[in-house]
Amino acid sequence: MWAIKLQITDPVINKKKYYTTAALKDELTKQLSSTLEANSNSENNDENTVYKYHKYAQKLLYEINLLKPTPVFEISLADLSQELIQELQMLHEEILNEVVIDAISRIYESVNFDYVHTAEIRGKIRWVFVK
């Protein structure tokens, strides 16, 4: 497993922090997992909020083994902090892929842990950042 240290400046305390790939995986997972989306039902004027990527993972998880080509997990850059985007941009392509796949895998696991592992979903994850 690769571990790298990324150096950034925290504007609040003006001290340098170091991020490992594990910390970046955790932060990406946290930001995706906490992104809320408003849903409205026009029939009864009902509005509720849902966790955007959890709902998205519920939809895509079982399609991965059924649809060809494999569905792509889309991550909106607007849902990520500027600091995280900058850190991800600094990563080598292979490490970025590992970080993003791990974060998506964790979200899929929150939907159905056993299925993710028995159906070997992790190796089939495709993703893209969208604006």
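Just one residue in the set 70, 20, 35, 118 is at pLDDT 95 or above and surrounded by 13 or more Cβ atoms within 10 Å (Cβ to Cβ); that residue is 35. Considering only segment 106-115, I want to know if a residue exists there that is in contact with a strand residue (DSSP E or B) (Cβ under 8 Å, 6 or more places away or on another chain), among the aliphatic types (A, V, I, L, M) and surrounded by 12 or more Cβ atoms within 10 Å (Cβ to Cβ). Within segment 106-115, not a single residue is in contact with a strand residue (DSSP E or B) (Cβ under 8 Å, 6 or more places away or on another chain), among the aliphatic types (A, V, I, L, M) and surrounded by 12 or more Cβ atoms within 10 Å (Cβ to Cβ).
Of the residues that sit in segment 121-131 and are more than 12 Å from the chain's Cα centre (by Cα) and part of a loop (DSSP other than H, G, I, E, B), which one is surrounded by the most Cβ atoms within 10 Å (Cβ to Cβ)? The residue in question is 121.
With a cut-off of at least 2 residues that are touching a residue at least 40 places away in the same chain (Cβ under 8 Å), name the strands (runs of 3 or more DSSP E) lying wholly within segment 31-106. If you could, list the steps in order and put the result at the bottom.
On the way: elements: 36-41, 46-51, 72-76.
Per the criteria, 72-76.
The values are calculated or read from the model by the stated rules, or taken from the named source; none is laboratory data. Since this is a predicted model, take the numbers as computed values, not measurements. As a convention, Cβ positions derive from the backbone with ideal geometry for all residues, glycine included, and neighbour counts pool all protein chains shown.
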